[in-house]
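Data block below; observations after.
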Amino acid sequence: MEKEQPKLKPHSHSHACAHSGVFGERTELIFAILSGVFLCLSWLLSFLSVPFEYLLPIYILSYFFGGYYTFIESLNKLKLQQFEIDFLMLVAAIGAAVLGNWSEGALLLFLFSLSHSLEHVAMGKARNAIESLANLAPDIALVRRNHQELEVLIDKLEIGDTVIVKPNERVAADGFVVKGQTSIDQSPITGESLPVEKSAVNDPQWAKENEAHLPFENRVFAGTINQHGAIEILVTRLATETALARVVVMVNEAENQQSETQRFAQRFERTFVPVVLICVGALLFAWIFISETAGESFYRAMAVLVAASPCALAISTPSAVLSGVARAARGGVLIKGGGPLEELGKIKSIAFDKTGTLTEGKPSVTDVVTANGVSETELLVTAVSVERLSDHPLAAALVRDAVDRLPAQLHPSSPSFPSAENLVSKTGQGVTASLNENFITIGKSSFFSSPNPSIEDQVFFDSVANLERQGRTVIVVKQDDRFLGFIGLMDTPRAGAKKTITRLREIGIESMSMLSGDNQNVANAIAQSVGVNQAFGNLMPADKVEKIKLLQNDGPVGMVGDGVNDAPAMATANVGIAMGAAGSDVALETADIALMSDDLEKLPFAIGLSKMTKNIIIQNLWISLGMIAFLVPATVFGLQIGPAVILHEGSTFIVVLNALRLLGFNETKRP
């Protein structure tokens, strides 16, 4: 077996590199600790009455290690003509040294650098949760080329390659199964808790041409884990275009998509920092107006400078957004930034597309009604014999489900099963065919309209009409001049749809609507079965947009759809939510939020996470602004730099730890 040498996959470490150095990625933290060590040493020696000239080099070392990264960041910001928090801290520390308060200046730099290094470590946890997604796909894939099995780097895979995936291995590429049967753990991509059964397609060539329409039981995704059976998959996407690769890119981009609260915090900082500098400048001359020395005024000004620096405010929202986005990605939900993450928690109502969202997206036989003197077996055998010759989707659904109702000895594959002939299709109405020298007609009720129906026929069609009013598509079967009965089909609700609607009400979403292109009877039937408040049928895409605008009169609206036909409505809604996005490029691109699996039950998780994120952001804002509101007057009236620094840096670290709680969010444990 030939083998190519693997190479390391590239990762994004730009943030880590900005705070790395001689001790690697933890250099900033180690520098902060060294600053504290030299500060403690200076305190110990001063307690032993060691002369100041011997203490000065130790203070300088404490300043160097505590102020190194603060100075670097201040310099970079000054080059951009920005006066931010690092600059304020550095000025305050230098001011303390000028006054001879080296100990307090060193304490300031030590706590500031320690707080920021721990903040970077903590924030790194959230980033690592995102970056770990990039490590899910294996480096190498076992590929069959020219009747040989080769180990190939995943970035060398080509569309059309056949990849062999053995039990307990990770899938190397997106594609569909062409050989074998297994179950696959898709939780790394879609967040599904249980393995999903996978089987081979019947026609690989057709599947290759119609990949977007393949069911999830045939499709596989890079980074998922094969369970017990060996399978072969046909690669349909390059390594850079897999669902996993797109998710990694989009989640990383989400970090730069700012929410309304983030923009508020930045506007506040841009205005607040210059105001602080002006006020501190004025306090420097307080000795002119009040009875104190110039040195005391200078010290007070430096204390106010420390107290007024909005460190906690600057990090309060980004830390929560990053943690929320990372937790969502781990749960199979892609949230494109702080804006959608916050907005989702504000929505007052949700509009659902019907087909493929609240329903399975494919019709199923729900009712079999026979005429007097006709058995169910006779009706179904007649219908299957004719409809299996048709290529209409309803015919395929009827044959699929009717076969399950027939006795085993009457399976269509049996030699004794009757065969229809001379099929003729009447577009939009039905079909006719010959079966055992009988003339069979199958179609919609309108296909059988008669100006003078008999009383028996009128009763029969009244029953058909009643079933149609319940939202069924009804197929009538007639043999010669005798009606055999009728069969009702319906796009049935998803198994978890009703449970999801109930859970959404429990977390505060009271108004839920369904938007459908189907007739109003079908829409009403589905809406009633799953429990949504109202249903709107007979809607074109433009009509759905108008309904969303109407719903927005009562507050923010979320629109859940498949990201293709519902794109205009999703774009109009405050938050567009796409389902099954792991298999849809369009869904990933159009939606603000994408449920990676074809699982509606992820929606309460996403909304619950958004609400918790919003609460944590509010808590962080109160902590950060409250600390500023307390410390500024306290330092003006005499609070020393030391206690001010401890409270100031403590609040910064508290908001980061508070935000990291989102990484452990579990919707099922919420009331």
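Every number here is computed from the coordinates shown, using simple stated rules; none is lab data. All figures in this text were calculated on a predicted structure; none of them were measured in a lab. Every residue, glycine as well, gets a Cβ built from its backbone with ideal geometry; the counts of neighbours run over all protein chains shown.
With viscosity set to 1.306 mPa s and temperature to 10 °C, compute the Stokes-Einstein D of the chain, Rh being the Kirkwood radius across alpha carbon pairs; µm²/s, no decimals.
My calculation gives 53 µm²/s for D.
Using Cα positions and a limit of under 16 Å, work out the lysines in reach of K179, with same-chain residues fewer than 8 apart set aside.
Output for K179: K166, K198, K208.
If one takes the longest principal axis of the Cα atoms in the chain, at what angle in degrees, from 0 to 90 and to the nearest 10, does the Cα axis of helix 294-308 lie?
10
Spin-label point model (7 Å from Cα, Cβ direction): what's the V37 to N452 distance in nm?
10.9
Would you list, by chain and number, the lysines whose Cα falls below 18 Å from the Cα of K426, excluding same-chain residues fewer than 8 positions away?
K444, K478
Could you list M89, M490 so that the one with the fewest beta carbons within 10 Å of its beta carbon is first and the one with the most is last?
With the sparsest Cβ surroundings first, the list reads M490, M89.
Tilt of helix 541-551 relative to the longest C-alpha principal axis of the chain, in degrees (0 to 90, nearest 10)?
Once rounded, one gets 50 degrees.
As a test of the formula, what do you get for the chain when each DSSP H run with n ≥ 4 contributes -39,500 (n - 2.57) and the sum is divided by the residue count, at 222 nm and rounded to the nearest 500 deg cm²/dmol?
Roughly -16000 deg cm²/dmol at 222 nm, from the helical runs in the chain.
Rg to Rh ratio, the stretch 361-492, alpha-carbon atoms and Kirkwood radius?
Result: Rg/Rh = 0.93.
What do you get for Rg/Rh over the stretch 438-493 if you use C-alpha atoms and the Kirkwood form of Rh?
0.98
Just to compare against my own numbers: the Cα pair-distance distribution for the stretch 435-555, 10 Å bins, whole % per bin, please.
In whole percents, the pair-distance histogram is 11, 31, 26, 17, 11, 3, 0.
Using only Cα atoms, find the angle between the long axis of helix 602-636 and the longest principal axis of the chain, and express it within 0 to 90 degrees, rounded to the nearest 10.
Between helix and principal axis, roughly 10 degrees.
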